[in-house]
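Since the structure comes first, as structure tokens, the remarks are kept for the end.
The values are calculated or read from the model by the stated rules, or taken from the named source; none is laboratory data. Just so it is clear, the structure is predicted and the values come from calculations on it, not from any experiment. Positions of Cβ are backbone-derived with ideal geometry, glycine not excepted, and every protein chain shown enters the neighbour counts. Side chains are part of the model used for accessible areas, which takes the heavy atoms of the whole protein and leaves out ligands, DNA and RNA. Shrake-Rupley method; radii C 1.70, N 1.55, O 1.52, S 1.80 Å.
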Amino acid sequence: MKLRHKKTLTAYLFLLVPLSFFAFIRFYPMISAFYISFTDWNIISPVKNFVGLSNYVNIFKDPVFRISLLNTLKYVLYGVPSVIILSLALALLLNNITKFQSFYRLIYVMPYITPLVATSWVWRWMYQKPPTGIINNFLNSLGLPTRSFLMSTTEALPSIVATTVWIEIGYCVIIFLAGLQNIPKEYLEAARVDGANRRQLLFRITIPLLNPVIVFLSVMETIIFLRIFTQVYNMSDQGSGGPLNSTKPLVLYIYQKAFKSFDMGTATAATVVLFLIILGITILQLKVLNKKVQY
Amino acid sequence: MKRYLMVLLTVLLLLSVMSFGKVKIVYWQYYFETKVKAIDEIIKEFQKLYPEIEVEHVTFPYESFNEKVAASVPAGTGPDIVNLYYGWIPKYVTSGYLQPLPESEFSEAYLNANFFPFVAKGVEFMGKRYALPIAVRSLALFWNKDLFKEAKLDPERPPRTLQELVEMAKKLTKYDRQGNIVQAGLATQPSGQGHHWIREVLTRQFGGAPYNDDYTQVTYQAVPAALKFYTDLITVHKVGYPGFMNDDITAFTSQAAAMNIDGSFRIAALKKAGINFGVAELPEYNGIKSNFASFWANGITKNCTGEKLDAAIKFLKFLSSEKVMELWLEKVGELPANPAVAQKYYNDPIYGPFLKGLEYAHATMFVDETAQRQVIMDAVDRVWLKGISPEQSFKEAAQTEQAILDKFWNSVGK
């Protein structure tokens, strides 16, 4: 055996552990979920009857599934641009600060490192109506009308988006700051010498050079908002995704079908749909946003 | 050294001889500290009575109950007796997990003699009975005596009818300058026990029935007045709303709600919180009393046969004996399922009203409790959040729930 072959073999030997981990822990359940989506399995029954595409037909007939799908898209549509724009703005400001920069960074990253269940509940209490909710008590003390927030079918979803944006900003700010510090100062100085104003510096130099970071964060945040669950589960009454399904995302729909109604066929069919959506959007984003910038 | 080894071997030999000839049965329940301790104690008593039987007690977290049981069935390693929520019986039976209780041991006469009437109905599925409870839970009206005093109401006289309930609730409600409720007269939380109150109590009091006799047809839409009574509390009388102080339990425990309809399982927590509360039977209407009861029950699995089955029958009977029920009330705080035992506590100011409620209680046969609860939650939300009429909302609820029932009954081929 040649040395090269030996080396390759050793490499594969070491890769065997993570590979088998991925195969059994990741891919096997995925493939089995695809299979279950064509059956009528109810979790505790030993038999799985093959039912063809009927689970897929049924979920698209189910108005709650359609609402959940729409809500999921709303979470992404409201959430991702807000997170990206706000965290970019904050990162640009923080980048100008030289004193106590790490302290500010810590403050922004705090919500992100706090357990999601805890932050969700704190926000749930802050959104309460008087006499408990801090936000409404504040409005009340100013003589302004109070709001329903989580108790309204129109305000609940944006309220949960706001909480999630607040959480995600911490993570994105850190990544943006790292990206900003990677931009060579020479480019900015050269542009300034050529007479570029601050606006031009931002839109012609900084943002184009940040493009890889923006792509990465948009993809990550889109996936995070597509898979939103914990916040909604903890911020709606009994984890229902209410009021009247107005906050229910796809993942919560899947969870309820699988572990409350024990309807694994329907749940896995919805999972496959979510998988395809995430796959599609991610490919699209990588194609559209990932433009190489060279100076 | 050799001698120690000999002693050890002799002891082991003796132990194995002692356990030889013993029948071992396995009991499964989810982990809830007081229940686990009580069962341990009960098993000790049982083994004293039947030294030839050994009961192994296995517990696991509530969250993994169904997954755990599901995994054990095909493997044949599951329990002989399993403790399950009565609402899950249909699913467990249709999945081939439970065996019917032997008619020779658990006849109709046995059930009638030892249990409240709703129990027999609650454990029955397609003509056969599958499990027996130790204890049951029912609903009652909790009222805060301090807040009654503050509102200049007699702290020892709770409302007896729905009309009185509304009048008193109004007097007990406080608002801020903008009209926001700061103290609820009556907590209204369909996601808590409210949906049971609407379904099994109000619907019957307003002259209807929530379902047909075998729970295959939804019929509550015929009495929209039941839903209207509930939503009027929120929209007309403004004595509370769903989500006030987050939920009814928090509101009542923090003394921000003067009255609440809740289950017997709340007693311990309220006592611990030091609330000066009283318990009354649910208010009646049109002379009709009704209540909702639910329970966890012990069933025998298909894996259990032969001498194990005999042992399991003995254990099941012991679990449902009067002695165990008394111990259960004392240690766990759940109500005895046997009317004879219950009668002993009728004068108890706290347990009495719950126990009297059991006489006229109904145990809803849920096929998917979470989804069915959601239906009633949505029915209330549509009225107070969307301004839809109770008639229309109840009709929509009935359609949605009927679809859930149909799906289930079709899947079991009825």
Index of the failed condition, B:Leu101 passing every other in (1) part of a helix (DSSP H, G or I); (2) among the aliphatic types (A, V, I, L, M); (3) over 18 Å from B:Ala363 (Cα atoms): (1)
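Which one of these is out of contact with any helix residue (DSSP H, G or I) (no Cβ under 7 Å at 6 or more places or on another chain), among the aromatic types (Phe, Trp, Tyr) and more than 24 Å from A:Leu279 (Cα to Cα): A:Phe203, A:Phe149, A:Phe176? Don't jump to the end; show me each part of the working.
On the way: A:Phe149 fails: out of contact with any helix residue (DSSP H, G or I) (no Cβ under 7 Å at 6 or more places or on another chain); A:Phe176 fails: out of contact with any helix residue (DSSP H, G or I) (no Cβ under 7 Å at 6 or more places or on another chain).
Of the residues listed, the single one that is out of contact with any helix residue (DSSP H, G or I) (no Cβ under 7 Å at 6 or more places or on another chain), among the aromatic types (Phe, Trp, Tyr) and more than 24 Å from A:Leu279 (Cα to Cα) is A:Phe203.
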I'd like the residue in segment B:289-319 that is outside any helix (DSSP H, G or I) and open to solvent by 60 Å² or more (accessible area, probe 1.4 Å) and, out of all such residues, is modelled with the lowest pLDDT. B:Asn303
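Report whether or not A:Phe103 is assigned to a helix (DSSP H, G or I), within 14 Å of another protein chain (Cβ to nearest Cβ) and either free of Cβ contacts under 8 Å to residues at least 60 places away in the same chain or under 25 Å from the mean Cα position of the chain (by Cα) (or both).
Details: assigned to a helix (DSSP H, G or I): yes; within 14 Å of another protein chain (Cβ to nearest Cβ): no; either free of Cβ contacts under 8 Å to residues at least 60 places away in the same chain or under 25 Å from the mean Cα position of the chain (by Cα) (or both): yes.
Considered against the rule, which asks whether it is assigned to a helix (DSSP H, G or I), within 14 Å of another protein chain (Cβ to nearest Cβ) and either free of Cβ contacts under 8 Å to residues at least 60 places away in the same chain or under 25 Å from the mean Cα position of the chain (by Cα) (or both), A:Phe103 comes out as no.
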Identify the single condition in (1) within 14 Å of chain A (Cβ to nearest Cβ); (2) under 23 Å from the mean Cα position of the chain (by Cα) that B:Met245 does not satisfy, given that it satisfies every other one. (2)
Pick from B:Glu396, B:Glu401, B:Glu391: which is more than 14 Å from chain A (Cβ to nearest Cβ) and either closer than 16 Å to B:Val218 by Cα or assigned to a helix (DSSP H, G or I) (or both)? B:Glu391
Restricting attention to segment A:132-160, and to residues there that are touching a residue at least 12 places away in the same chain (Cβ under 8 Å) and at the interface with another protein chain (Cβ under 9 Å from one of its Cβ atoms), which single residue is farthest from the chain's Cα centre (by Cα)? A:Thr146
Scanning for something within 14 Å of chain B (Cβ to nearest Cβ) and open to solvent by 90 Å² or more (accessible area, probe 1.4 Å), does segment A:40-62 turn up at least one residue? yes
Could you say whether any residue in segment B:275-284 is crowded, with 24+ Cβ neighbours inside 10 Å, among the β-branched types (Val, Ile, Thr), modelled with pLDDT of 95 or more and touching a strand residue (DSSP E or B) at 6+ places or on another chain (Cβ under 6 Å)? no
Cβ pairs under 6 Å, 6+ apart, first in segment A:241-269 and away from chain B (no Cβ under 11 Å) and part of a loop (DSSP other than H, G, I, E, B), second of a type in the set (Val, Ile, Thr) and open to solvent by less than 20 Å² (accessible area, probe 1.4 Å): A:Thr247/A:Ile160; A:Thr247/A:Val232; A:Pro249/A:Thr72; A:Pro249/A:Ile228; A:Pro249/A:Val232
A:Tyr35 being open to solvent by less than 60 Å² (accessible area, probe 1.4 Å) and under 14 Å from A:Ala267 (Cα atoms): no
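So that you can scan it fast, the table gives a plain yes or no per residue for (1) open to solvent by 10 Å² or more (accessible area, probe 1.4 Å); (2) away from chain A (no Cβ under 14 Å); (3) among the basic types (Lys, Arg):
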{"position": "B:Leu172", "(1), (2), (3)": "no, yes, no"}
{"position": "B:Thr188", "(1), (2), (3)": "no, no, no"}
{"position": "B:Arg204", "(1), (2), (3)": "yes, yes, yes"}
{"position": "B:Gly208", "(1), (2), (3)": "yes, yes, no"}
{"position": "B:Thr216", "(1), (2), (3)": "yes, yes, no"}
{"position": "B:Gln221", "(1), (2), (3)": "yes, yes, no"}
{"position": "B:Asp232", "(1), (2), (3)": "yes, yes, no"}
{"position": "B:His237", "(1), (2), (3)": "yes, yes, no"}
{"position": "B:Thr253", "(1), (2), (3)": "yes, no, no"}
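Counting residues that are of a type in the set (Lys, Arg), which helices (runs of 4 or more DSSP H) fully inside segment A:1-74 reach at least 1? It would help to see each step written out before you state the result.
Details: elements: A:3-21, A:28-36, A:54-61.
Counting at least 1 such residues, we get A:3-21, A:54-61.
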How many of the residues making up segment A:215-255 are under 30 Å from A:Leu188 (Cβ atoms) and either open to solvent by 30 Å² or more (accessible area, probe 1.4 Å) or of a type outside the set (Val, Ile, Thr) (or both)? 5
Picking from B:Gly96, B:Gly76, B:Gly127, the residue that is within 14 Å of chain A (Cβ to nearest Cβ), within 21 Å of B:Trp409 (Cβ to Cβ) and either at pLDDT 90 or above or surrounded by fewer than 20 Cβ atoms within 10 Å (Cβ to Cβ) (or both) would be B:Gly96
Would you tally the residues in segment B:351-375 being in a loop (DSSP other than H, G, I, E, B), more than 9 Å from every other protein chain (Cβ to nearest Cβ) and open to solvent by less than 30 Å² (accessible area, probe 1.4 Å)? 5
Looking at this structure, is A:Trp125 without any contact (Cβ under 8 Å) to a residue 12 or more places away in the chain, part of a helix (DSSP H, G or I), facing chain B (nearest Cβ under 10 Å) and touching a helix residue (DSSP H, G or I) at 6+ places or on another chain (Cβ under 9 Å)? yes
